[in-house]
Amino acid sequence: MDSFTSVFDTQIDRANTNSDKWSKYTDSVIPMWVADMDFDSPECIKDAINQRVEKGVYGYTNTPKALENAIQSHLFTRYQWSVSAGHLVHLPGLVCALHLSVRVFSEVGDAVVVPGPVYYHLTKAPLLSERELLTVDMTIQDGRWLPDMPQLEAAFANPKSKMILLCNPHNPGGTVYTKEELLRIHALAERYDLLVVSDEIHCDLILDDLPHVPFASLNEDAANRCITLMAPSKTFNIAGLGYAFAVIENTVLRQAFNQGRAGLIPSPNMLGLTAATAAYQEGQEWHRSLLIYLRENRDFLAQRLSATPLKMLHLEATYLAWIDVSMLSLEDPHAFFVAAGVGVSDGKDFGNPGYVRLNFGCPQSTLDQALTRIEKALIEHSYM
Ligand SMILES: Cc1ncc(COP(=O)(O)O)c(C=O)c1O
């Protein structure tokens, strides 16, 4: 227990805040879908925003040097990854960068490789831009979700393939790729000359004692063929403030990305920049406590689910549990959970209708209540 524990235990009333998460379902349903936590942001972020708001004058704003320094220090301290400030590209969100990368670095009719089930924007990005989507199955290998490597190689070898969209840590499923696993993917990307767009938005949410290895930090060739996408938004619960960044070390790729973005994707807004600076400069203690709390929630969830027919693999990262409900043989698993009063994400949206995704970034009392509802529904329908 530490001084932050009570902060994470606090029930926050998010009614009348236009929260996406809390507007989707009726009041009788606990929303546990979108990747947004029911925790207040750290005081350092609230103070920084309040101070900036107090100053008034909300004109066009450029990126503070202090933010670039804080990002560089964050990446070096946590990942031993040395990044030049000139290689950073500041963005109002990460999803737009996924879509932009597909449009800038491939043409209509080209193919894009995506291991899945996965967060739906990785598959939407190719489909919305008339690229061919080559999904590679994530399969259970020694209790972890990993891409099927023969399938991955076949997809890479397709002459139409131009890039892979990788999600590390993986959402959903929580896989934290090891250096060896990434090196195997890199060896294939090098052999077939593919660009790697690495969505690493969940990299600061590793629950086990495992290192996050940025794909671009593997070696010089990886750095040269990679667009890394990161953000403080999931970690510090500031998605509504719209800030993310890309690291693009290859000058040709960076210039093409910036040219494609010009006039279409705006700079991040002033409050997003302010919040990100405070998060990376001063949020470390809060972040450490958050990980302890989330780890406890994950273990609590796993223990409760183990007494039901539902199955979940050990989750290495994220607060998004990927739960196998296929054994219930339900026509619409998502509807079953919502009827039980738990607003999970539909696994169909990620590529597997036999699963649901449950967001446990909430006070443990809320998680407890949701699990009690799920258990009750399973008993009522004679599943246990
Ligand atoms: C893997 C992944 N990428 C991107 C995003 C969203 O990024 P943004 O809100 O910065 O557009 C999410 C949100 O859940 C995510 O899980």
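Just checking: which of the strands (runs of 3 or more DSSP E) contained wholly in segment 86-146 hold 2 or more residues that are of a type in the set (Ser, Thr, Tyr)? So that I can check it myself, show each step before the final result.
Working: elements: 88-91, 111-116, 132-141.
In segment 86-146, the matching strands (runs of 3 or more DSSP E) lie at 132-141.
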Neighbours by Cβ (under 7 Å, 6+ apart or cross-chain): first from segment 313-340, touching a residue at least 12 places away in the same chain (Cβ under 8 Å); second part of a loop (DSSP other than H, G, I, E, B) and of a type in the set (S, T, N, Q): Glu316/Thr175; Thr318/Asn171; Leu320/Asn171
Contacts under 9 angstrom Cβ, first residue in segment 33-54 being farther than 22 Å from Asn297 by Cα, partner part of a loop (DSSP other than H, G, I, E, B) and away from the ligand (no atom under 16 Å from the Cβ), 6 or more apart: Cys44/Gly283; Ile45/Gly283; Lys46/Asp40; Arg52/Tyr58
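Whether any residue in segment 232-241 is more than 12 Å from the ligand (Cβ to nearest atom) and either in a strand (DSSP E or B) or charged (D, E, K, R) (or both) is what I want to check. Before you say what the answer is, go through the steps one by one.
Taking segment 232-241 and keeping what is more than 12 Å from the ligand (Cβ to nearest atom), we get 236.
Cutting the leftovers down to either in a strand (DSSP E or B) or charged (D, E, K, R) (or both) gives us none.
The answer is no, given that none of the residues of segment 232-241 is more than 12 Å from the ligand (Cβ to nearest atom) and either in a strand (DSSP E or B) or charged (D, E, K, R) (or both).
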Residue list for segment 265-309, filter: touching a Leu at 6+ places or on another chain (Cβ under 8 Å) and not in a helix (DSSP H, G or I): Ile265, Pro268, Asn269, Thr308, Pro309
Give me the residue from segment 35-79 that is of a type in the set (Gly, Ala, Ser) and within 16 Å of the ligand (Cβ to nearest atom) and, out of that set, nearest to Leu290 (Cα to Cα). Ser41
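Out of curiosity, is Pro214 assigned by TED's automatic domain parsing to the domain that holds Ile71, under 23 Å from Val104 (Cβ atoms), within 16 Å of the ligand (Cβ to nearest atom) and of a type outside the set (A, V, I, L, M)? Walk me through it before giving the result.
Details: assigned by TED's automatic domain parsing to the domain that holds Ile71: yes; under 23 Å from Val104 (Cβ atoms): yes; within 16 Å of the ligand (Cβ to nearest atom): yes; of a type outside the set (A, V, I, L, M): yes.
Considered against the rule, which asks whether it is assigned by TED's automatic domain parsing to the domain that holds Ile71, under 23 Å from Val104 (Cβ atoms), within 16 Å of the ligand (Cβ to nearest atom) and of a type outside the set (A, V, I, L, M), Pro214 comes out as yes.
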Hey, any hits in segment 288-297 for a residue that's away from the ligand (no atom under 16 Å from the Cβ) and farther than 24 Å from Ala317 by Cβ? no
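Would you confirm, using the coordinates I've provided, whether Val342 is β-branched (Val, Ile, Thr), over 19 Å from Ser233 (Cα atoms), surrounded by 23 or more Cβ atoms within 10 Å (Cβ to Cβ) and modelled with pLDDT of 95 or more?
On the way: β-branched (Val, Ile, Thr): yes; over 19 Å from Ser233 (Cα atoms): yes; surrounded by 23 or more Cβ atoms within 10 Å (Cβ to Cβ): yes; modelled with pLDDT of 95 or more: yes.
Spelling it out, Val342 is indeed β-branched (Val, Ile, Thr), over 19 Å from Ser233 (Cα atoms), surrounded by 23 or more Cβ atoms within 10 Å (Cβ to Cβ) and modelled with pLDDT of 95 or more.
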Pull out all pairs, ordered by first then second residue, where Cβ-Cβ is under 9 Å, the residues are six or more apart or on different chains, the first lies in segment 244-262 and is farther than 13 Å from Leu88 by Cβ and in contact (Cβ under 8 Å) with a residue 60 or more places away in the chain, and the second is surrounded by 14 or more Cβ atoms within 10 Å (Cβ to Cβ) and among the basic types (Lys, Arg). Leu253/Arg225; Gly260/Arg103
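Would you tally the residues in segment 147-189 being over 15 Å from the mean Cα position of the chain (by Cα) and either part of a loop (DSSP other than H, G, I, E, B) or touching a residue at least 12 places away in the same chain (Cβ under 8 Å) (or both)?
Here is the first cut: in segment 147-189, the ones over 15 Å from the mean Cα position of the chain (by Cα) are 147-164, 178-189.
Among the residues that remain, those that are also either part of a loop (DSSP other than H, G, I, E, B) or touching a residue at least 12 places away in the same chain (Cβ under 8 Å) (or both) are: 147-149, 151-153, 155-164, 178-179, 181-186, 188-189.
So the count comes out to 26.
For segment 133-157, how many residues meet the condition of being of a type outside the set (Asp, Glu) and exposed (fewer than 15 other Cβ atoms within 10 Å of the Cβ)?
7
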Would you confirm, using the coordinates I've provided, whether Leu166 is crowded, with 21+ Cβ neighbours inside 10 Å and either small (Gly, Ala, Ser) or under 26 Å from Leu291 (Cβ atoms) (or both)? yes
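The values are calculated or read from the model by the stated rules, or taken from the named source; none is laboratory data. Since the structure is predicted, the reported quantities are computational estimates derived from the model, not experimental observations. Because the Cβ atoms are built from the backbone with ideal geometry, glycine has one as well, and the counts that use them run over all protein chains shown.
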